[in-house]
1. Does Gly147 qualify as being crowded, with 17+ Cβ neighbours inside 10 Å, at pLDDT below 90, over 24 Å from Ala64 (Cβ atoms) and not aliphatic (A, V, I, L, M)?
2. Condition (residue is touching an Asp or Glu at 6+ places or on another chain (Cβ under 7 Å) and modelled with pLDDT under 90) applied to the range 123-137: is it met by at least one residue?
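The values are calculated or read from the model by the stated rules, or taken from the named source; none is laboratory data. All figures in this text were calculated on a predicted structure; none of them were measured in a lab. Note that each Cβ is placed from the backbone with ideal geometry, even for glycine, and that neighbours are counted across all protein chains shown.
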Amino acid sequence: MDNSIKLPVAALSVALFFCVLTIGSLIVRTSGGGAGDGAALVAKGATLYTKLGCQGCHAVDGAAGGVGPALNNVYNNPVILDDGQSVTADDTYMRAAILQANDQIVQGYVAGVMSGGITGVLPQLNSGDTTDALLAYLKSISTGAAGGASPSAGGGTATSGAGTPRPATTPTR
């Protein structure tokens, strides 16, 4: 083989290698990787809970009376909103409660407090796996998620005051 053919073949081989490596990395990342990855995400979420200042308003030990609702035993359990509807605190609800904090306010709490408090960290919450890590941590401290209970893939179920099930409202950006 002459050198004019070797160079494109070598370049193609290197490019193919990086494509396979990138696709493999994406598959591992989206599938959750190994069993240790979940524990690492929970640990990251616990660190972020403190680093981002969540503990300033939200307790994780069940203590009531904070600026925001206690976060232990919230995930995959019912939450009563200020308009009286009940929603399941699944992934969709919890992610929206963090990122669009004023869209659905928990009964007994004031709108605008969290959205004002997280303004400085919102870019970080919207990047990488930060919000995923916080959700993993909240799941780990909630009995509703224990014992293999799987989170709802949808927006949860809301009930009106009359108890008629209807789809939960999903906040839009």
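1. Values: crowded, with 17+ Cβ neighbours inside 10 Å: no; at pLDDT below 90: yes; over 24 Å from Ala64 (Cβ atoms): yes; not aliphatic (A, V, I, L, M): yes.
Spelling it out, it is not the case that Gly147 is crowded, with 17+ Cβ neighbours inside 10 Å, at pLDDT below 90, over 24 Å from Ala64 (Cβ atoms) and not aliphatic (A, V, I, L, M).
2. If we filter the range 123-137 for residues that are touching an Asp or Glu at 6+ places or on another chain (Cβ under 7 Å), which is where we start, we get 135.
Narrowing the set further to residues that are modelled with pLDDT under 90 leaves none.
Looking through the range 123-137, none of the residues is touching an Asp or Glu at 6+ places or on another chain (Cβ under 7 Å) and modelled with pLDDT under 90.
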